[in-house]
Amino acid sequence: MTPKAQSVSQQLSLLLTLCVFFLAGCAPDPSVAQSQALQAAAAWFDQAQASLENDGAAPPSCHAFGLLKFNDASCSDMIEHAARLDASTRQIDSVELMKCFGQGSKEVCGEFAEIWFNSQTMDGVSVKEGMVLKRDNDEFRLYWYRSDTLFTELTDRAERREAGTKSAQMAAKQEQLDAVYTQMVERDPSVYAYPPCIDARASRSAMIGELIAQRNVTGLELDRRAEQCAKDLCLTLVGKRIAALCI
């Protein structure tokens, strides 16, 4: 046990001492399971810290089923964020035994222990962190770990993925519009006077007239609509038809 995990170890030792003192009635008591969960938690934190401080140290393991159900964070993510915190400040806030963990399709039932801690970063910033351990074959293993810092990183990742997806969708739509526009210009070169819209969404307020089938788009028709537009007229796709936008 490293000195940095001393506060958790002290609380764990107290629970274990009480368990030994009341050994006759301890076996059926939930405090035994809580003590085992806390011991597993302290060992996991110790190993996480050691693996980041020493390249030769093996990292702690994470429950495979927990990673499958909550795949937004990897085992490496959990180890890294746990080891970022000042272990000497880690104080147990609550310990709860549970029959099930997760909701909906993520819910799994069995023997779980949920532990929350009040901790601090190396800079002294207060952080809440929690872990859920699952007992299989009489051994508790880390099933899920999150902290304020890990929650923030996962949120940032999700936002970046969403932004990337939207950008890819816009790029694909623009590519499709460019291809359709090229075909229309080849059929009627006068259409070239009205360029394709860039990153514009069709709205009723911006549209001039109704949607036009691609084969019916002509320079003459667009000239007529442009007379109703005091700005610039551009063309975009709505489904397979063309909208003339005044933007």
Are any residues in the range 199-213 part of a loop (DSSP other than H, G, I, E, B) and either on the phi < 0 side of the Ramachandran plot or in contact with a Gly (Cβ under 7 Å, 6 or more places away or on another chain) (or both), and if so, which ones? 200, 201, 202, 203, 204, 205, 206, 208, 210, 211
Would the range 95-110 turn up any residue that is over 26 Å from residue 30 (Cα atoms) and buried (at least 16 other Cβ atoms within 10 Å of the Cβ)? no
Determine, yes or no, whether residue 83 is over 18 Å from the mean Cα position of the chain (by Cα) and surrounded by 18 or more Cβ atoms within 10 Å (Cβ to Cβ). yes
Return the pair list, or none, for Cβ contacts closer than 9 Å from residues in the range 163-183 that are within 22 Å of residue 219 (Cβ to Cβ) to residues that are of a type in the set (S, T, N, Q) and part of a helix (DSSP H, G or I), at least 6 apart or on different chains. 180/214; 183/214
Residue in the range 214-222 that is assigned to a loop (DSSP other than H, G, I, E, B) and free of Cβ contacts under 8 Å to residues at least 40 places away in the same chain present: yes
Just to be sure I understand, how many residues within the range 47-86 are acidic (Asp, Glu) and within 17 Å of residue 108 (Cβ to Cβ)? 1
Does the range 150-165 contain at least one residue that is over 26 Å from residue 45 (Cβ atoms) and over 17 Å from the mean Cα position of the chain (by Cα)? no
Restrict the check to the range 158-175 and report whether at least one residue is surrounded by 11 or more Cβ atoms within 10 Å (Cβ to Cβ) and either outside any helix (DSSP H, G or I) or in contact with a Ser or Thr (Cβ under 8 Å, 6 or more places away or on another chain) (or both). no
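Coordinate-derived values only; no laboratory data. Note that this is a predicted model, so its numbers are computed, not measured. Positions of Cβ are backbone-derived with ideal geometry, glycine not excepted, and every protein chain shown enters the neighbour counts.
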